[in-house]
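All remarks here apply to the structure that follows.
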Amino acid sequence: METIVNRLASGVIDGPDDLMGIGECLNLLDDLEGQIGQAGPLVGIIERARLVFKRLILEESSDPSADWLEVQKLLGSLGTADAVESGEGESTQIKTESAARPGGDEDFLEPASMASDNDWGSGESALDLESLFHEESSPKVEEMQDPELLRDFIDEAKEHLSTIELNMLGLETNPKDIEAINAVFRPFHSIKGVAGFINLTEIHHLSHEVENLLDLARSGKLAITDSVIDIVLGGTDILKGLLEELEKGEGGRKETSPVVMSFLEKVKNFSGDPSVGSETPVRKVGEILVEHGVLEDEAADDIAEKGRSEGRKFGEAAIDKGAASPREVSKALREQRHAIENAASVRVDTRKLDNLVDMVGELVIAQSMVLQNPDIMRIKDQKLQKDSVQLSRITAELQRISMSMRMVPIKSTFQKMIRLVRDLSKKSGKEIVLKMKGEETEIDRNMVEEIYEPLVHMIRNSVDHGIEMPEERTRVGKDPTGTIFICAEQKGGNIVIDIEDDGRGLDAKKIRDKAIERGIISAPDQLDEKATFDLIFHPGFSTKDKVTEVSGRGVGMDVVKKSVERLRGKMEISSKFGKGSSFHMKLPLTMAIIDGMIIQIGAERYIVPTIALKESLRLSKEAYFTVQGRGELVKVRDSLMPLVRLHSYFHEEPKFRNPWEALLMVVTEGQNSYCLLADEIIGRQEVVIKSLGDMFQQLPGISGGAILGDGKIALIIDVKGIISLYEESTR
Amino acid sequence: MAYKDLTVLIVDDFLTMRRIVRKILRDLNFEDIIEAEDGSAALDVLKRTRVDLIVSDWNMPRMTGLELLKEVRSTDSIKDIPFLMVTAESQKENIVEAVKARVSNYIVKPFTAAILEEKLAKILAR
């Protein structure tokens with residue numbers, strides 16, 4: 001370090017013009033910084049020296065000799081400051097010196113405030129037409145009117161323009177190809193350079209603007225979208241026209257032609273709204289509606305504002321206000337979606353996808369049936385065995401792909417809720433955090449849109465009626481900040497979305513009173529807690545005039561229930577008064593694949609979703625107990641858990657009745673663990689869930705069926721359902 | 001040493017630009033001018049011929065001017081050849097990079113013979 005400082009101080013630079021010397025200094029400063037790290041009095045000096053050096057390099061200094069002096073002083077002071085760092089000098093010394101430094105700016109020793117100065121990349125990235133036209137941008141360049149040079153230029157420029165077109169088309173399919181962007185950038189850059197020399201103002205301006213645009217793309221600040229491609233190709237066409245004019249000896253006017261003018265204007269307007277990032281800019285629904293003539297500009301703005309403040313989608317707000325019909329909105333939405341999907345995808349009717357998935361499912365089954373045919377299995381041909389493995393691999397992949405085509409993570413829907421909760425809590429004066437789990441859970445893409453509204457309703461409900469005001473929460477000993485927790489999980493053939501809050505919970509008595517008042521039930525009706533809670537889903541429970549922030553719990557819950565039921569789903573509530581409420585939204589996956597454990601119970605095979613299993617084990621006789629009033633229990637590593645005999649629910653005659661002979665599977669439901677008893681595990685397999693049809697939809701303990709490799713059907717066990725059956729029977 | 005005794009290497013992928021630079025150099029009485037259309041062609045020339053000055057464009061396909069500069073500075077036999085980088089106003093900010101890579105000086109397009117002469121004086125004075 002000392003040597004670096006010495007070298008810097010002893011003057012490696014001959015003068016402000018000595019760029020090589022400055023370069024060496026900059027490198028030494030980098031080395032020095034590398035050694036001392038980001039702290040200490042030296043850092044400020046290094047930063048300052050860099051800044052002054054940069055000014056000298058770029059010839060932007062207003063007083064080069066003053067800057068030169070300052071740099072020398074700075075480098076000299078490095079030695080002193082170095083001494084300070086090692087505790088040999090006075091720290092005030094540097095400060096005094098810096099204050100006395102010529103042309104002193106305030107930002108000395110303050111790296112933070114120099115950040116803007118240091119933003120070396122920002123230079124000319126913004127397009128400024130005004131300055132382009134009014135500023136004497138280039139030093140007086142003597143006319144280089146050499147006819148031969150001009151002809152060469154025209155030929156070369158034309159040649160380069162044709163490569164631009166070729167590369168642009170390549171970018172259309174692969175917008176991130178940096179090499180292609182460079183290959184387009186370079187000709188514009190070169191054409192601009194030459195045009196500057198031979199005073200072709202229009203060509204110079206035009207290629208300059210396109211170059212700037214492409215420079216943004218090069219540095220990743222602008223995504224190559226269709227409109228960027230259009231602009232570049234448009235610019236190329238105009239350039240070609242200008243070159244042809246030149247060829248005919250018509251070019252070289254001093255004024256800018258209207259065509260060029262309007263193009264430059266277009267580029268300017270475009271860059272005014274550059275889409276930073278890599279996504280294609282998506283038109284807003286409001287914009288599309290305005291375009292369709294459904295809305296006026298101002299009306300659209302009003303609705304957007306209103307929608308934002310209420311955390312609602314533009315379309316919803318517009319329909320509510322009566323500004324647009326649902327049909328018009330859905331048309332706009334479709335157009336928007338089309339624009340999004342257009343990027344690099346093909347739109348496919350979801351029914352076709354459904355068919356594909358079904359057919360692939362059939363294919364897998366048919367394949368298994370062929371391969372497991374006893375006659376086929378007797379063939380000992382190695383080639384057949386190899387080929388069938390290959391076939392299985394292909395069909396498995398095919399199945400995976402066709403499944404995934406319809407599935408999207410629920411994440412994006414969940415993330416919209418963050419904004420909603422934030423806005424709602426701000427408006428209501430409540431402090432709420434939103435936590436989420438299972439965002440990566442995949443869900444049918446149609447379902448994603450369908451669950452959005454119910455989700456919004458329920459969250460809104462939790463904010464409005466569940467979470468208390470901070471003061472109230474503090475009074476009852478809760479954290480003043482309330483929590484809403486949303487969680488998605490695939491359970492068997494269902495997607496379960498839980499919305500929990502730690503608010504005041506449901507008041508069963510109030511609900512009952514209100515239901516009686518509304519005439520939904522009559523006073524003598526005896527309802528258990530669950531049935532009472534379910535009353536809030538009754539259409540008559542909340543009346544229209546109460547749909548405000550101060551209404552009782554139950555706002556629009558009938559709507560939620562209806563939309564969930566439309567999806568053939570189920571809504572459940574559990575709540576503890578004073579502690580919070582939990583809404584379970586159970587939605588079917590019309591088709592989903594699950595990782596299942598195939599188990600044997602008596603003569604039949606069943607499938608338990610692997611996700612539901614904690615472990616499977618065999619126990620010794622000593623671990624089995626029968627406790628008066630609690631039924632059969634087993635002890636798994638110090639914890640007692642109820643034994644659930646699966647065969648008794650499915651009316652099977654099991655091979656083993658004794659728990660120490662049979663296989664046990666530990667599952668968890670809520671806070672409790674249970675042990676399921678089965679005969680044995682046959683294997684683990686991914687299975688396609690098939691609905692059992694309307695007739696068996698409500699079968700307790702069964703969530704669906706699957707066709708196994710040999711063509712036989714196995715039922716998929718709904719663990720949660722079995723546990724609640726068990727709990728009911730022991731109550 | 002008079003300009004006419006110096007060998008200059010112009011590096012630019014754009015033919016017209018090479019012509020323009022050549023013309024300006026001629027105006028300054030340079031006589032021995034070699035052209036190369038990209039960095040690797042330039043390195044070939046430098047291997048074969050003694051060159052007294054390199055005037056290179058920054059923005060070139062395959063090998064950029066900066067890459068060429070780094071290559072020159074790290075090759076013992078040619079590391080001391082004065083290197084003048086030609087750049088555009090809009091790319092000027094990048095020049096700090098070139099300075100760190102020990103460029104002798106730089107010149108912004110478009111330039112005149114007078115400006116080039118001024119820069120050459122600064123370079124060749126050392």
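When residue B:113 is tested against the conditions (1) modelled with pLDDT of 90 or more; (2) at the interface with chain A (Cβ under 10 Å from one of its Cβ atoms), the lone failure is (1). Each residue in region A:302-332 was checked for being of a type in the set (Gly, Ala, Ser) and surrounded by 16 or more Cβ atoms within 10 Å (Cβ to Cβ), and 9 of them qualify. Of all residues in region A:680-725, those satisfying the criterion of being surrounded by fewer than 21 Cβ atoms within 10 Å (Cβ to Cβ), in contact (Cβ under 8 Å) with a residue 40 or more places away in the chain and of a type in the set (Asp, Glu) are A:680, A:686, A:710. Restricting attention to region A:201-212 and to residues that are surrounded by 24 or more Cβ atoms within 10 Å (Cβ to Cβ) and away from chain B (no Cβ under 11 Å), the residue that is modelled with the lowest pLDDT turns out to be A:202.
Taken over region A:704-731, residues that are within 21 Å of residue A:489 (Cα to Cα) and assigned to a helix (DSSP H, G or I) amount to 6.
Applying the set (1) within 11 Å of chain B (Cβ to nearest Cβ); (2) surrounded by fewer than 24 Cβ atoms within 10 Å (Cβ to Cβ); (3) in contact (Cβ under 8 Å) with a residue 12 or more places away in the chain to residue A:161 leaves exactly one unmet item: (1). Restricting attention to region A:529-572, the residues that are modelled with pLDDT of 75 or more and small (Gly, Ala, Ser) total 2. Of the helices (runs of 4 or more DSSP H) contained entirely in region B:35-126, those carrying at least 2 residues that are crowded, with 19+ Cβ neighbours inside 10 Å, touching a helix residue (DSSP H, G or I) at 6+ places or on another chain (Cβ under 8 Å) and of a type in the set (Gly, Ala, Ser) fall at B:39-48. Whether a residue is among the basic types (Lys, Arg), buried (at least 20 other Cβ atoms within 10 Å of the Cβ) and within 12 Å of chain A (Cβ to nearest Cβ) was assessed, and residue B:19 passes this test.
Please verify whether region B:77-84 includes one or more residues that are of a type in the set (Val, Ile, Thr), over 21 Å from residue B:2 (Cβ atoms) and within 13 Å of chain A (Cβ to nearest Cβ). Looking for residues that are of a type in the set (Val, Ile, Thr), over 21 Å from residue B:2 (Cβ atoms) and within 13 Å of chain A (Cβ to nearest Cβ), one finds none in region B:77-84, hence no.
Looking across region A:476-491, the residues that are in contact with a Gly (Cβ under 7 Å, 6 or more places away or on another chain) and buried (at least 22 other Cβ atoms within 10 Å of the Cβ) come down to A:482, A:488. Scanning region A:497-528 for residues that are in contact with a helix residue (DSSP H, G or I) (Cβ under 6 Å, 6 or more places away or on another chain), in a helix (DSSP H, G or I) and surrounded by fewer than 21 Cβ atoms within 10 Å (Cβ to Cβ) yields A:508, A:512.
Taking region A:137-193 as the range and being within 19 Å of residue B:62 (Cβ to Cβ) and either modelled with pLDDT under 75 or not in a helix (DSSP H, G or I) (or both) as the test, the residues that pass are A:166, A:170, A:177. Scanning region A:445-475 for residues that are of a type in the set (A, V, I, L, M), part of a helix (DSSP H, G or I) and buried (at least 20 other Cβ atoms within 10 Å of the Cβ) gives A:447, A:451, A:455, A:456, A:458, A:459, A:463.
The values are calculated or read from the model by the stated rules, or taken from the named source; none is laboratory data. These numbers come from a predicted model, not from an experiment. All Cβ positions, glycine included, derive from the backbone under ideal geometry; neighbour counts span all protein chains shown.
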